[in-house]
Amino acid sequence: MSRPAGRDRALRSPGGLSVRLDVRAFTVVVLLLLAALTASVVLIGTGDFPIPAGDVLKTLLGDGDAGQEFIVNELRLPRVLVGLLVGASLGLGGALFQSISRNPLGSPDVLGLSQGATAGALVVIVLFSGSANQVALGALVGGLVTGFAIYVLAWKRGVHGYRLVLVGIGVSAIVTAVNGYLITKADLVDAARAVVWMTGSLNGRDWAQVWPLLIMCALLVPLVLGNARGLRMMEMGDDVSYALGVSVERVRLLLMVSAVLLTAGATAAAGPVSFVALTAPQLAKRLTRSPGPNLVPAMCMGATLLIVADWASQRAFGADQLPVGVVTGVLGGVYLLWLLVTERKAGRI
């Protein structure tokens, strides 16, 4: 695919190493990071005890009073960090699945991974009345088991895009039915707790959720970016990728496992926050206008979307504070309808 002249720049180090830089994509990433950081500062200052943005920055730098330090560092900063990490994880996981399946609808929401993680959490809540940490572990295990089942069922001399999406849709329908059954078998207290968790929320998140997410991202993001070239080659087809020296099935399996872990980890931390994994990669690609998976822009877009949605869930509806999953669900549903109409007009569906 050709690119407009002037889009790329070659950066050369004194040692002779050359790196190609997509100027537009780099600009988009910088702007998204600035938007995410700005929204984070505003969100930290938002609440029953409002704090001006300048005081938030001073407190983060260690120059606030005792009351502000408690509110910022202990109550609000962990929630914002969880939101950033969950959004980035979902954005990256969605970009991986959409690239592997070569389908803009190939996201964890559609493939059933979010529903699988939800099933794992519901088993812990309904059958064992587990603690918050046990629910998070159940969600992680549920996501991994669902991802493994989808991979095995979609395998036939390799995993191909449309088969992956169709198997995922089928698994999603089955797991959704299981989730409904678990809800009907729960007592009133556990059912209410399960429904709240299934909505997707950042309420009450603290440092106990931050560190596991941070470690997961620190391990998986470099691994994924290190295989980005192979992923980009795979978008041209398996035969071409083999000819270019890419170990297709190894790279595909490695990236699918990484995407499943990112999605399951994010769901374990915040519940099934819908549509971020679907919309973030596509919005990032439309901004960068760049071919390929656009992994880093998708991460930044996911983080920005979730933080802005969390702010909207707290402030845009008056005295009523909504779970962030409700806001992302509404926005994502509108986006999905727009995407389907666009794809139909283009003759792709």
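Laboratory data are not the source of any read-out in this text; all were calculated from the coordinates shown. None of these values were measured; they are calculated from a predicted model. Positions of Cβ are generated from backbone atoms using ideal geometry, with glycine treated the same way; all protein chains shown enter the neighbour counts.
Tabulated data
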{"item": "Integer Hz, Karplus 6.51/-1.76/1.60 couplings in order for region 333-345, x for Gly and Pro", "result": "x, 4, 5, 4, 4, 4, 5, 5, 5, 5, 5, 5, 5"}
{"item": "Chain lengthening between ARG315 and ASP63 when straightened (0.36 nm per residue, less Cα-Cα)", "result": "88.0 nm"}
{"item": "Nearest-20 debye value, region 268-349 charge dipole, Cβ charges on Lys, Arg, Asp, Glu", "result": "440"}
{"item": "Only Lys, Arg (+1) and Asp, Glu (-1) charged, at Cβ; the chain dipole about Cα centre in debye", "result": "1580"}
{"item": "TYR335-ILE174 pseudo-label distance in nm [points 7 Å out on the Cα-to-Cβ vector]", "result": "2.9"}
{"item": "At R0 = 41 Å, FRET efficiency that the Cβ-Cβ distance of LEU219 and THR27 yields, to 0.05", "result": "0.90"}
{"item": "Label-point separation, PHE49 to LEU137 (7 Å along Cα→Cβ), nm", "result": "3.4"}
{"item": "For the chain, the longest site-free run once trypsin sites (Lys or Arg not before Pro) in DSSP loop states with at most 13 other Cβ atoms within 10 Å are removed", "result": "158-347"}
{"item": "3J(HN,Hα) from dihedral phi, region 263-268, Karplus parametrisation 6.51/-1.76/1.60, rounded to Hz, x for glycine, proline", "result": "5, 5, x, 5, 5, 4"}
{"item": "In nm, spacing of pseudo-spin labels at MET236 and PHE148 (7 Å Cα→C-beta vector)", "result": "3.6"}
{"item": "Nonlocal amide H pairs with GLY130, under 5 Å, H built at 1.01 Å", "result": "ILE125"}
{"item": "Phi-based couplings in Hz for region 40-57 (Karplus 6.51, -1.76, 1.60; Gly and Pro marked x)", "result": "5, 5, 4, 5, 4, x, 9, x, 5, 10, x, 10, x, 4, x, 5, 4, 5"}
{"item": "Global geometry of region 17-127, whether rounded, prolate or oblate, following the gyration tensor of its Cα atoms and the 1.5 cut on a/c", "result": "oblate"}
{"item": "Relative contact order for region 106-170, counting Cα pairs under 8 Å that sit 6 or more residues apart, in percent", "result": "39"}
{"item": "Contact order normalised by residue count of region 87-139, Cα under 8 Å, 6+ apart, percent", "result": "25"}
{"item": "Debye intensity ratio I(q)/I(0), log10, region 289-349, q values 0.13, 0.17, 0.19, 0.29 Å⁻¹ (C-alpha model)", "result": "-0.50, -0.75, -0.85, -1.09"}
